[in-house]
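Worksheet for the structure shown next.
The values are calculated or read from the model by the stated rules, or taken from the named source; none is laboratory data. Note that the structure is predicted; figures quoted are calculated from it, not measured. Here the Cβ positions follow ideal geometry from the backbone for every residue, glycine too, while neighbour counts run over all protein chains shown.
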Amino acid sequence: MNKKNIFIVGILIVLLIVAGWLYILIYNPSTNTNDSFTEFGTGSDSDYVPPTENPIITDVQVEENPNEKRLRQLTTNPVAGAVFALNGIYYVEQGTGHLRHINLVTGNETLVSGKTIPGAYDAVFSPDGSTVAITTTNDGMSKTIIAEVPALGSTDNLEGESLTPGASEINLSKKPGTVFYLVKTANGSTAYSYDIAKRTGTVVFEIPLRDVHVLWGERTYVYTTPTEKQMGYMYEVVGNNLRYVTRGGFGLMSFLYSDGVIVTRKEAGYWTSETVTESEEIPLAAIVIPEKCVGGNVRVFCAVPNIIPFESILPDAWYMGYVSFSDSLWSISTDEFSVMLSDFLKESGREIDVLKIGINSLESHLFFINKNDNTLWLYRLPE
């Protein structure tokens, strides 16, 4: 066969091969690109696992992380008040009134409202975090603003209304959609309830005492402003009348929980704390300060000072900032032994003086403010 014939045969072979490939590409019924690449290790559809979204945190659920420290600091900026709510914790920044949110799963912090409220020093939230009362001070007169909390991701800022000037003892927990507060008068004090939606106020009670703290609940109690310099008393408010609850005591302070009240007072030179119910008074193993306690469904948790300087005038010196404490966390039980859960100094290396403590409804986590610098902290409770 001459060279010309060999060349022609070669051309025919190439044409046949090309024609075969074209037939396969055009007429092969399997044209699924996923099928074509499955054998190269990309996996079948049954092997695909969709990405998991971050679980939503509410006031009743905080995801456990065994590698996370039980006690951790959440902010470096000062905090006026906080609440467990949707996706973690809302808090109001002290001084600016800015509302922020911390996601307890991702750790991300979001500015919810950047509206500046000068002089903001106290903030109280409703239990679900939908409403906040922010108190400011100007020329010695306090002013409280009630506002709805903007939705996460919205561009809204806090917008609200002011309560009566000088309003104190703010409470948003007693009745949904209502704020309770106290105003001093020339003859004593008047308590009001304010319907946020209707923007109307109603007198709840009037009493002939001016310097009192209020324990709002199904049953409402008042006790005289604590000072070691004079006897203090506690009363239940019945209509406009006052009924003695327990004996008096110097520096008397009180905390309301589900079964009654806890009363701390100084008698014969010694501090004592007792649970007081309708039928009995039971001494506690620890000396507690009401501002350091929170009641859960079953237990009461209190931050208890490791050392109480008896030479100081208490609680006056603590309220005024002349004395600070280094606290441990206790689980307080009225029918079982009280148990210390954590020495915060040993656990964090910092002296923590607890204030404004809160608990989620599963009783799995606490938040609190360190009075020494007003930073916000989180503690995971043992099961």
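The table below lists the values:
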{"read-out": "Test for residue 228: is it surrounded by fewer than 15 Cβ atoms within 10 Å (Cβ to Cβ), among the acidic types (Asp, Glu) and over 27 Å from residue 358 (Cβ atoms)", "value": "no"}
{"read-out": "So residue 247, is it over 22 Å from residue 342 (Cβ atoms) and not in a strand (DSSP E or B)", "value": "yes"}
{"read-out": "Residue satisfying all of: in the range 306-319; touching a residue at least 40 places away in the same chain (Cβ under 8 Å) and surrounded by 17 or more Cβ atoms within 10 Å (Cβ to Cβ); farthest from residue 355 (Cα to Cα) among these", "value": "314"}
{"read-out": "Residue match in the range 268-283 (condition: part of a strand (DSSP E or B), farther than 20 Å from residue 225 by Cα, over 22 Å from the mean Cα position of the chain (by Cα) and among the charged types (D, E, K, R))", "value": "yes"}
{"read-out": "Single unsatisfied condition, residue 291 versus (1) under 19 Å from the mean Cα position of the chain (by Cα); (2) closer than 13 Å to residue 273 by Cβ", "value": "(2)"}
{"read-out": "Strands (runs of 3 or more DSSP E) wholly inside the range 320-383 containing at least 2 residues that are without any contact (Cβ under 8 Å) to a residue 60 or more places away in the chain", "value": "327-332, 339-343"}
{"read-out": "Where a residue in the range 198-211 is surrounded by 15 or more Cβ atoms within 10 Å (Cβ to Cβ) and its partner, wherever it lies, is part of a loop (DSSP other than H, G, I, E, B), with Cβ under 6 Å and at least six apart", "value": "205/240"}
{"read-out": "Subset tally (residues that are touching a strand residue (DSSP E or B) at 6+ places or on another chain (Cβ under 9 Å), farther than 24 Å from residue 354 by Cα and not in a strand (DSSP E or B)) for the range 107-126", "value": "5"}
{"read-out": "Selection within the range 277-292 - touching a residue at least 40 places away in the same chain (Cβ under 8 Å) and of a type in the set (A, V, I, L, M)", "value": "282, 284, 285, 286, 288"}
{"read-out": "Residue within the range 212-235 that is among the small types (Gly, Ala, Ser), touching a Gly at 6+ places or on another chain (Cβ under 8 Å) and at pLDDT 95 or above present", "value": "yes"}
{"read-out": "Hits in the range 176-192 - residues which are surrounded by fewer than 16 Cβ atoms within 10 Å (Cβ to Cβ) and under 18 Å from residue 85 (Cβ atoms)", "value": "176, 177"}
{"read-out": "Which numbered condition residue 174 misses (of (1) in contact with a strand residue (DSSP E or B) (Cβ under 7 Å, 6 or more places away or on another chain); (2) on the phi > 0 side of the Ramachandran plot; (3) at pLDDT below 90)", "value": "(2)"}
{"read-out": "Filtered residues of the range 183-199 (kept if in a strand (DSSP E or B) and either under 18 Å from residue 173 (Cα atoms) or not hydroxyl-bearing (Ser, Thr, Tyr) (or both))", "value": "183, 184, 188, 191, 192, 193, 194, 195"}
{"read-out": "Some residue of the range 362-378 being surrounded by fewer than 17 Cβ atoms within 10 Å (Cβ to Cβ), touching a Ser or Thr at 6+ places or on another chain (Cβ under 8 Å), modelled with pLDDT of 95 or more and more than 23 Å from residue 251 (Cβ to Cβ)", "value": "no"}
{"read-out": "Residue within the range 283-297 that is over 21 Å from residue 360 (Cβ atoms), of a type outside the set (Gly, Ala, Ser) and touching a Gly at 6+ places or on another chain (Cβ under 6 Å) present", "value": "no"}
{"read-out": "Residues of the range 324-352 classified as more than 23 Å from residue 260 (Cβ to Cβ) and surrounded by 22 or more Cβ atoms within 10 Å (Cβ to Cβ), total", "value": "4"}
